[in-house]
Amino acid sequence: MVRVALPAHLKTLASVSDEVELQVAAPVTQGRVLDALEARYPMLRGAIRDHVTLERRPFVRFFACARDLSHERPDAPLPEAVQSGTEPFLVVGAMAGG
Amino acid sequence: MSSVRVLVGTRKGAFILTSDGKRQKWDVAGPHFAGWEIYHVKGSPVDKNRLYASQSSGWFGQQIQRSNDAGKTWEPVGNKFVYEGVPGTHQWYDGTPHPWEFKRVWHLEPSLDDPDAVYAGVEDAALFHTTDGGQSWAELPGLRGHGSGPHWQPGAGGMCLHTILIDPGNPKRMFIAISAAGAFRTDDAGRSWRPINRGLKSQGIPDPEAEVGHCVHRIAQHRSRPDVLFMQKHWDVMRSDDAGDTWREVSGNLPTDFGFPIDVHAHEPETIYVVPITSDSYHYPPDGKLRVYRSRTGGNEWEALTKGLPQRDCYVNVLRDAMAVDALDHCGIYFGTTGGQVYVSADAGDNWTAIVHDLPAVLSVEVQTL
């Protein structure tokens with residue numbers, strides 16, 4: 001089970017109050033986690049990554065295990081602690097706007 | 001007794017203001033979609049409980065929300081706005097080619113006869129359409145595909161398609177406006193379009209016959225006379241009596257003819273309203289006085305409407321989609337400001353009161369007469 005923590009605005013949009021738990025088939029990658037997230041919550045499509053290119057939106061970042069994974073390849077395996085559900089995969093709205 | 005519902009989009013959420021026909025006591029609901037920019041909220045004219053909202057964020061992009069119960073509850077619907085075919089390029093601010101990129105929905109215009117059909121005007125400028133209540137959106141590519149498209153250039157606020165007027169007597173005819181490309185008309189339900197900018201004169205465009213490039217801020221129309229159009233251009237208030245084929249200036253005695261919104265009285269097709277703004281360098285009212293100007297002659301002769309509006313130290317702006325009228329017997333006029341006030345006049349502009357004083361900056365105001 002993979003745990004995903006969403007920023008406040010996306011929790012509101014998806015009508016969830018806490019972390020989301022997802023079943024993700026191995027290998028657990030950023031792309032597969034986001035696929036599973038968007039399949040469960042279609043309203044998040046386009047809010048984290050582009051509908052067509054699937055590129056991360058500029059002001060969205062990914063973190064886990066105290067590491068910035070924003071620039072990792074979508075098909076790169078996520079840390080073991082994320083795959084096991086020990087640590088959440090964090091979707092973060094970048095601090096921006098002055 | 002009839003009542004009214006005012007749909008307000010702001011920088012930080014949507015608000016719904018309701019009152020009976022007297023328009024003296026108001027209930028304020030919101031913020032809906034707190035923290036998000038709500039560029040526009042509009043209801044279907046055939047199902048007044050069906051509302052659509054454009055919700056956007058610099059972080060999380062575009063959402064479209066739909067309500068079936070007059071805004072009590074909402075559900076996100078489709079938000080996939082993908083340009084048809086190869087997007088191509090328009091001109092960037094420096095005149096170089098720039099790829100078309102979807103940024104947000106500025107304006108939602110529900111169909112006059114189908115609550116599931118809506119047009120969406122977007123930035124970078126294009127027109128989209130849904131026929132399934134917003135679940136899916138498809139571009140009407142004939143507009144962006146007009147031969148002038150590569151020469152369109154964004155205004156300071158972005159290259160937005162902000163005005164959509166559906167001809168009530170001819171469903172195949174629509175008018176749209178783009179900053180800063182100009183106004184366009186279709187006579188075949190959106191398959192093909194032609195620029196309707198003849199007679200517009202804009203500083204910086206030396207060619208008086210320029211087909212595109214004019215910074216049109218807003219166009220308004222009265223249902224009873226769809227061939228008569230009123231335009232607030234960047235500078236100049238304009239009028240057309242031939243569905244946009246030709247325009248003439250009707251700024252007349254306005255203290256300044258720069259501004260954003262323009263609207264028409266619900267029952268008097270020659271009575272129009274604007275809010276003069278000092279200039280494109282000073283986006284606030286002249287002399288710190290917030291004044292709506294009314295013409296009862298279709299332009300040229302204007303009177304200042306000031307009763308109840310701040311007449312000193314007022315430096316707000318009124319944006320292009322932030323004025324609306326109701327259809328009660330005594331026509332109500334509404335507008336919202338970047339200072340967060342929403343004003344109402346229940347007597348066609350003679351007297352004004354603030355419904356709310358301290359909302360976030362108001363981006364749009366629409367009114368439903370119930």
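Once the piece of chain linking B:TYR93 and B:ASP241 is laid out straight, how much longer is it, given 0.36 nm per residue of separation minus the C-alpha distance between them?
50.0 nm
Compute the separation of the alpha-carbon centres of the stretch B:228-290 and the stretch A:23-92 and state it in Å as a whole number.
Centre-to-centre distance over Cα atoms comes out at 49 Å.
Take peptides B:337-344, B:190-197 and line them up by average Cβ neighbours within 10 Å, highest first, as a rough protection proxy. Walk me through the numbers on the way to the answer.
On the way: B:337-344: 22.1, B:190-197: 19.6.
Final packing ranking: B:337-344, B:190-197.
Would you calculate the separation in nanometres between label points at B:ARG248 and B:ASP329, each defined as 7 Å from the Cα along the Cα-to-beta-carbon direction?
Rounded to a tenth, the inter-label distance reads 3.6 nm.
Quote the charge dipole size of the stretch B:1-59 about the Cα centre in Debye, to the nearest 20; the model charges only the Cβ of Lys and Arg (+1) and of Asp and Glu (-1).
Values: 9 positive and 4 negative charges, 30 e Å.
It works out to roughly 140 debye.
From the Cα gyration tensor of the stretch B:209-331, with a ≥ b ≥ c the square roots of its eigenvalues, which class applies: rounded if a/c is under 1.5, or else prolate if a/b is larger than b/c, or else oblate?
Note, shape of the stretch B:209-331 comes out oblate.
For chain B, what is the charge dipole size about the Cα centre, in debye to the nearest 20, if Lys and Arg each add +1 at the Cβ and Asp and Glu each add -1 at the Cβ?
The calculated dipole for chain B is roughly 560 debye.
Of B:VAL250, B:PRO76, B:ALA138, which is farthest on the positive side of the dipole of chain B, counting Cα position, with +1 on Lys and Arg Cβ, -1 on Asp and Glu Cβ, and the Cα centre as origin?
Highest projection toward the positive end goes to B:PRO76.
Which value, in debye to the nearest 20, describes the size of the charge dipole of the protein assembly as shown about its Cα centre when Lys and Arg Cβ atoms bear +1, Asp and Glu Cβ atoms bear -1, and nothing else is charged?
In total the dipole reaches around 560 debye.
I'd like the FRET efficiency for B:ASP27 and B:ARG198, computed as 1/(1 + (r/R0)^6) with the beta carbon distance as r and R0 of 41 Å, rounded to 0.05.
Values: r = 46 Å, r/R0 = 1.13.
Between B:ASP27 and B:ARG198 the formula returns 0.30.
Could you check the spin-label model distance between B:GLU301 and B:ASN170? Points 7 Å from the Cα along Cα→Cβ, value in nm.
Going from the B:GLU301 label point to the B:ASN170 one covers 3.1 nm.
Provide the per-residue ³J(HN,Hα) series for the stretch B:337-344, in order, calculated from phi with Karplus coefficients 6.51, -1.76, 1.60 and θ = phi - 60°, each as a whole number of Hz, with x at glycine and proline positions.
Once rounded to whole Hz, the list reads 10, 6, x, x, 8, 10, 9, 10.
Let me confirm one metric for peptide A:6-18, namely the mean number of other chain beta-carbon atoms within 10 Å of its residues' beta-carbons.
If you average over the peptide's residues, the count of other-chain Cβ atoms is 2.
If a/c stays under 1.5 just call it rounded; otherwise compare a/b with b/c (prolate if a/b is bigger, oblate if not). Do that for chain B, with a ≥ b ≥ c from the square roots of the Cα gyration tensor eigenvalues.
rounded
Over the protein assembly as shown, how many percent of alpha carbon pairs lie in each 20 Å bin up to the one with the longest distance?
Percent of pairs per bin, in order: 24, 54, 20, 2.
Using a simple spin-label model with points 7 Å from Cα along the Cα→Cβ vector, what separation in nm is obtained for B:ARG225 and B:ALA34?
Rounded to a tenth, the inter-label distance reads 4.7 nm.
Averaged across B:80-88, how many Cβ atoms of other chains sit within 10 Å of each residue's Cβ atom? Write down the numbers at each step before the final one.
Values: counts 4, 2, 3, 1, 0, 0, 0, 0, 0.
For this peptide, the per-residue mean of nearby foreign Cβ atoms is 1.
In terms of modelled amide H atoms, which long-range or inter-chain residues lie less than 5 Å from the amide H of B:GLY259?
B:ILE277
For the protein assembly as shown, what is the mean residue ellipticity at 222 nm derived from helices alone (per DSSP H run of n ≥ 4: -39500 (n - 2.57); sum divided by total residues; nearest 500 deg cm²/dmol)?
-1500 deg cm²/dmol
If you count, for every residue in B:53-63, the Cβ atoms of partner chains within 10 Å of its Cβ, what is the mean? Provide the component values of the computation, followed by the final result.
Working: counts 0, 0, 2, 0, 7, 7, 14, 13, 10, 3, 6.
The shielding value for this peptide is 6.
Computed from the coordinates by the stated procedures, all read-outs in this text should not be read as laboratory data. Just so we're clear, the structure is a prediction, and the values are computed from it rather than from any experiment. Glycine also receives a Cβ, built like all others from the backbone with ideal geometry; neighbour counts cover every protein chain displayed.
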